[in-house]
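Comments concern the structure below.
The values are calculated or read from the model by the stated rules, or taken from the named source; none is laboratory data. Keep in mind that this is a model prediction, so the values were computed, not measured. Positions of Cβ are backbone-derived with ideal geometry, glycine not excepted, and every protein chain shown enters the neighbour counts.
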Amino acid sequence: MSSLQKKVTNTVAAPTNTGGGTKFGLAWSRLYDAITWLFFLPLGGDNRLRREFIDFAAPGEGEHVLDVCCGTGTLALLIAEKVGASGRVTGVDLSPEMLSRARRKLGRDLPVLFRTGDCEKLPFTEAAFDKITISFGLHEMAAPVRQNALREIYRVLKPDHSLFIFDFHLARAVLPRLVVTASMRLFEDEDAYRMLAGDTLAREIEEAGFTLGPKRLLKAGVLQMLRADKLTLVP
């Protein structure tokens, strides 16, 4: 989670990349973890959801993992426990304030590096990572930014490896769907709602070059986990 490319238009329901720290800056970064904790409490709690996502992504010993839109680094630190001393986790975010708080969380010997980076121009070489994660970041981006970010993620991911996405989802059941729709309408903008509607996200993932893998719905369908694979082309 983070604060990245899109201008901030909300303060509560934005547990991700919303403007590079340009509007809320240090004050927002200080409140971020508490607000995220409160926001996800009705859905089982932030920590539990993150651990479910890590189980879905299954980072392994010795892997190099990139967490895009890492925010204050909570997910990256949990992933680091899985990759061990022989692995490495890199968290990238556009907000210096978020990254400052992430670095203060380290406090122990974990293989984690936090660095400033633009998701449209990731500061890494091609095929640098075994796995890439992004949690509650894509819906916060304007559509062109999101599409560019997916292409950049594809570039820095190793062939025959995977991107793992955790985000909101428009449930089929009436009440959960109304809750997500209302949240998007009240706290986000039209791009966020459009990403969740129909097959927009799936189409953008495939247009970036990925092949869609398994999808898992949680909490009555208001959350989704997706795997997207960068497969070696067969002649």
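The set of residues from segment 222-235 being within 14 Å of Arg155 (Cα to Cα) and of a type outside the set (Ser, Thr, Tyr) comprises Ala228, Asp229, Lys230, Leu231. When each of Glu97, Glu152 is tested for being more than 20 Å from Thr211 (Cα to Cα), under 18 Å from the mean Cα position of the chain (by Cα) and not hydrophobic (A, V, I, L, M, F, W, C), the lone residue that passes is Glu97. Cβ-Cβ distances below 6 Å connect the following pairs, each with a first residue in segment 114-126 that is surrounded by fewer than 12 Cβ atoms within 10 Å (Cβ to Cβ), a second residue that is not in a loop (DSSP other than H, G, I, E, B), and a separation of six or more residues or different chains: Glu126/Arg155. Filtering segment 203-230 down to residues that are at pLDDT below 95 and aliphatic (A, V, I, L, M), which residue is surrounded by the fewest Cβ atoms within 10 Å (Cβ to Cβ)? Looking at the filtered set, the residue picked out is Leu217. In the set Phe124, Phe129, Phe114, only one residue is of a type in the set (Phe, Trp, Tyr) and closer than 24 Å to Ile35 by Cβ; that residue is Phe114.
Just one of the listed residues (Leu26, Leu38) is under 17 Å from Phe136 (Cα atoms) and either at pLDDT below 70 or touching a strand residue (DSSP E or B) at 6+ places or on another chain (Cβ under 8 Å) (or both), and it is Leu38. Residues of segment 101-113 that are buried (at least 22 other Cβ atoms within 10 Å of the Cβ) and at pLDDT below 95: Ala102 alone. Would you confirm, using the coordinates I've provided, whether Ala182 is modelled with pLDDT under 95 and crowded, with 20+ Cβ neighbours inside 10 Å? No: the conditions fail for Ala182.
Close contacts from segment 199-221, counting a first residue that is more than 16 Å from Arg155 (Cβ to Cβ) and a second that is of a type in the set (Ser, Thr, Tyr), with Cβ to Cβ under 7 Å and a gap of 6+ residues or different chains, come to Gly213/Ser162.
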